[in-house]
Amino acid sequence: MEIDLRTPWHIGPVEIPTRLVLAPMAGVSVQAFRRQGRRYGAGLVCSEMVSCAGIEHRNERTLGYLRVGADEHPLAIQLFGSDPRAMGDAARMVEAAGADIVDLNFGCPVRKVTRTGAGATLLEDTELAARLVASVAEAVDVPVSVKLRRGLRNGSRACLELGPRLVDAGAASLTLHPRSAEQMYTGAADHSVTAELVSLVDVPVVASGDVGSHAKAQVVLGTTGAAAVMVGRGAQGNPWALREIVDGDAEEPSREEVAAELVLFVREAVRELGERRASGFLKKFYGWYLGRGRFPRPFKQELVQLESTEEVERRLFAAAPGAIELVERLEAAVPSADERTLELPISIYGGG
Ligand SMILES: Cc1cc2nc3c(=O)[nH]c(=O)nc-3n(C[C@H](O)[C@H](O)[C@H](O)COP(=O)(O)O)c2cc1C
């Protein structure tokens, strides 16, 4: 039987309007990405992981500031760290700043993070992991969720022991990306482990990993009993995939639509990061977007080499003149008021 992804569900008292969650991705999940995700059907969006130590000391090489827009809610802000007191303090800050959910990263496999005892290391440090959740749950009134991988080594089932402990400690939801940290992004996400986790806990579980289509979302939801699917790489430069996953609407975007979404994304990224940082940040997105819309092959390369984002915009409009009007319409529909910029350093590298 077809599962309706437009069915609301809850994390604690927070209502999530659809069963699709946009994944936290370091170096990707900027506000422009999250807002776009909401427009295309994500019921919950998440910030990229924010360093708790960075918040505490403010001496991390500050790569960006987290912004929260009025149209992003419900929004989860993800923290990583390994000191329960500092995590509690950071959680209080992000709650005050507007997070509807505080998410904890217990899955990042990147060495820079794991060697500090944070991220995936916590998958096999049950005591500390539970203390971190308890400390954060104690510090804030909003629900606390945790994002896990299956374990550190290939074949590990550590998440099945850890998950219930985290719920006992106060986690209101768990997200599982059922790959090991060692696997990074190789092999496949084994959602039979997600099904086992669902059977062990009485909080909603979100299934993350390799969900890129409506058909796959149906299989994962149907076979795991997960409350929602999370989509990461499949949404990079491709918001239309979100619409397809939620509604089964497989209509390919026109060249004009692709150009218009990209121009809007460029403008928002520049507003958020400033021209200099945005132009570097955006380069990977050009390739991702221009896979659709039948742009001539060398066009991508040309965009990557341009000096300014204004020039990028000019080229996009020249290649798809109908996009000018579409951008105007999109901008008129996107609210820009009531936005808060948080003094939270964003770590651009990482993962989960
Ligand atoms: C570039 C990139 C950055 C990521 N950064 C984070 C992160 O900051 N926090 C996190 O919990 N997971 C992070 N992830 C993991 C994703 O949230 C997701 O669990 C994983 O990519 C599997 O889902 P997918 O197959 O839909 O991409 C990252 C993944 C990628 C590809």
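The values are calculated or read from the model by the stated rules, or taken from the named source; none is laboratory data. Because the structure is a prediction, the values reported are computed rather than measured. A quick note on method: Cβ atoms are made from the backbone with ideal geometry, for glycine too, and the neighbour counts reach across all protein chains shown. Remember, those area values only see protein heavy atoms, side chains included, never the ligands or the DNA or RNA. Shrake-Rupley method; radii C 1.70, N 1.55, O 1.52, S 1.80 Å.
Among the residues that make up segment 259-280, is at least one of them of a type in the set (S, T, N, Q) and in a loop (DSSP other than H, G, I, E, B)? Checked segment 259-280: no residue is of a type in the set (S, T, N, Q) and in a loop (DSSP other than H, G, I, E, B). With respect to (1) within 16 Å of the ligand (Cβ to nearest atom); (2) modelled with pLDDT of 90 or more; (3) not aromatic (F, W, Y), the lone exception for E257 is condition (1). Scanning segment 173-192 for residues that are surrounded by fewer than 22 Cβ atoms within 10 Å (Cβ to Cβ) and hydrophobic (A, V, I, L, M, F, W, C), we see that the one that is farthest from the chain's Cα centre (by Cα) is A188. Taking A323 as meeting all but one of (1) among the small types (G, A, S); (2) open to solvent by 40 Å² or more (accessible area, probe 1.4 Å); (3) in contact (Cβ under 8 Å) with a residue 40 or more places away in the chain, write down the number of the exception. In the conditions (1) among the small types (G, A, S); (2) open to solvent by 40 Å² or more (accessible area, probe 1.4 Å); (3) in contact (Cβ under 8 Å) with a residue 40 or more places away in the chain, A323 misses (2) alone. For segment 281-290, does any single residue satisfy the condition of being under 16 Å from the mean Cα position of the chain (by Cα), closer than 23 Å to L148 by Cβ and surrounded by 15 or more Cβ atoms within 10 Å (Cβ to Cβ)? Among the residues of segment 281-290, not one is under 16 Å from the mean Cα position of the chain (by Cα), closer than 23 Å to L148 by Cβ and surrounded by 15 or more Cβ atoms within 10 Å (Cβ to Cβ), which makes the answer no. Condition first: more than 13 Å from the ligand (Cβ to nearest atom), open to solvent by 20 Å² or more (accessible area, probe 1.4 Å) and under 16 Å from the mean Cα position of the chain (by Cα). Can you find one or more residues in segment 49-60 that meet it? For segment 49-60, residues more than 13 Å from the ligand (Cβ to nearest atom), open to solvent by 20 Å² or more (accessible area, probe 1.4 Å) and under 16 Å from the mean Cα position of the chain (by Cα): absent.
When E252 is tested against (1) within 13 Å of the ligand (Cβ to nearest atom); (2) in a loop (DSSP other than H, G, I, E, B); (3) open to solvent by 10 Å² or more (accessible area, probe 1.4 Å), exactly one condition is not met: (1). With the condition kept exactly as written, say whether any residue in segment 45-54 is modelled with pLDDT of 95 or more, of a type in the set (S, T, N, Q) and out of contact with any Cys (no Cβ under 6 Å at 6 or more places or on another chain). No, every residue in segment 45-54 fails to be modelled with pLDDT of 95 or more, of a type in the set (S, T, N, Q) and out of contact with any Cys (no Cβ under 6 Å at 6 or more places or on another chain).
Against the conditions (1) modelled with pLDDT of 95 or more; (2) out of contact with any strand residue (DSSP E or B) (no Cβ under 8 Å at 6 or more places or on another chain), T194 satisfies every one except (2). Could you tell me which residue of segment 130-148 is most open to solvent (accessible area, probe 1.4 Å), considering only residues that are in contact (Cβ under 8 Å) with a residue 40 or more places away in the chain and in a helix (DSSP H, G or I)? By that ranking, first place goes to E138. Looking across I3, I16, one residue alone is touching a helix residue (DSSP H, G or I) at 6+ places or on another chain (Cβ under 6 Å) and either modelled with pLDDT of 95 or more or within 16 Å of the ligand (Cβ to nearest atom) (or both). It is I3.
A count restricted to segment 87-100 and to residues that are open to solvent by 10 Å² or more (accessible area, probe 1.4 Å) and either within 14 Å of S145 (Cα to Cα) or more than 21 Å from the chain's Cα centre (by Cα) (or both) stands at 3.
Give the residue, chosen from G151, G107, G119, that is open to solvent by less than 10 Å² (accessible area, probe 1.4 Å) and closer than 17 Å to A53 by Cβ. Selected residue: G119, the only one of G151, G107, G119 that is open to solvent by less than 10 Å² (accessible area, probe 1.4 Å) and closer than 17 Å to A53 by Cβ. Can you tell which of E257, E244 is in contact with a helix residue (DSSP H, G or I) (Cβ under 9 Å, 6 or more places away or on another chain) and either open to solvent by 50 Å² or more (accessible area, probe 1.4 Å) or hydrophobic (A, V, I, L, M, F, W, C) (or both)? It is E257.
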